[in-house]
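Colleague: Below is a structure I'd like to ask you about.
Please treat every number below as a calculation from the coordinates, not as lab data. The shown structure was predicted, so the numbers you read here are calculated from the model rather than taken from an experiment. Every residue, glycine among them, receives a Cβ derived from its backbone with ideal geometry; neighbour counts consider all protein chains shown.
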């Protein structure tokens, strides 16, 4: 079952002192292009996050973001004794007074208080790591759902090409016979004696230039192979892209050999359906 290159997953965690939001989203890319945005507190875990995501998500321009919203005050303000003492010493040089008055002034000056940040909590991180795994599961489900929608459209395009190929096969025999009859009539109108054996040889050589039997067989084989690959368990957009190139090659050759207005119209319709397939495949994983 094919998967879409586009994906989205989000998980929210409620921890004792904070709310964590984990979001993973992706767009089209030939290779894995991974961008991670996380708070500085968890920066040491970035390589682990990259490894986890890279193993689970093979392709796409992927953004992973972890947002933290504090739900309680976890920072502690402490007196910066060294700075306060320096302020008090400078105040004594300016004005006479007792230490308590100096302290009241100094404690209000810049950098008199320092903030003690929280330490990394391994237990808390394990909850976040589990949340990342859960987000990946949601992300992959989104890709599968989008892939199912893509597959429905692509299979309809393939069915249309198959139907057009059947039309081409149906008119091909009449097309060749019409060419033979037209050539014979042209020679008869000349009212000249001809060598029948030589005529048959030349006719065969001429008709071979317009013969599309090989193209019909190869096109049918490529269509069948396309169906096999799109129904495989693993999503392989690159392989489907290669097969679509082969489909285009056979359709183009068929058009160049057509020499018939009806067949050329069929070829144009095939090309139109194939272009729709190629556009859809750009978004297949």
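Colleague: Using 0.36 nm per residue of separation minus the Cα-Cα distance, give me the extension gain between residue 46 and residue 224 in nm, one decimal.
Modeller: Values: separation 178, 0.36 × 178 = 64.08 nm, distance 4.43 nm.
Extra length from residue 46 to residue 224 when fully extended: 59.6 nm.
Colleague: So for the pair residue 159, residue 90, with labels modelled 7 Å out along Cα→Cβ, what separation do we get in nm?
Modeller: 8.2 nm
Colleague: At a Förster radius of 45 Å, what calculated FRET efficiency corresponds to the Cβ-Cβ distance of residue 134 and residue 167, to the nearest 0.05?
Modeller: Rounded to the nearest 0.05, the efficiency is 0.35.
Colleague: Evaluate the distance, in nm, between pseudo-label points positioned 7 Å from the Cα of residue 56 and of residue 37 along their respective Cα→Cβ axes.
Modeller: 2.0 nm
Colleague: Once label points are set 7 Å from the Cα along Cα→Cβ at both residue 107 and residue 268, what is their separation, rounded to one decimal in nm?
Modeller: About 8.8 nm separates the two model spin labels.
Colleague: Here's something else I'd like to know. What's the angle, to the nearest 10 degrees (0 to 90), between helix 196-208's Cα axis and the longest principal axis of the chain?
Modeller: Tilt relative to the chain: about 10 degrees.
Colleague: Could you state, as a whole-number percent, how many of the C-alpha pairs of segment 76-116 are farther apart than 16 Å?
Modeller: On the way: 236 of 820 pairs.
Of all Cα-Cα pairs in segment 76-116, 29 percent lie more than 16 Å apart.
Colleague: Right, next: Going by average Cβ neighbours within 10 Å, how do the peptides 250-256, 224-230 rank, with the highest at the top?
Modeller: On the way: 250-256: 19.0, 224-230: 15.6.
With the highest mean Cβ count within 10 Å placed first, the list reads 250-256, 224-230.
Colleague: For the chain, take the longest principal axis of its alpha carbons; what is the angle in degrees between that and the long axis of helix 122-190, to the nearest 10 within 0 to 90?
Modeller: Roughly 20 degrees between the two axes.
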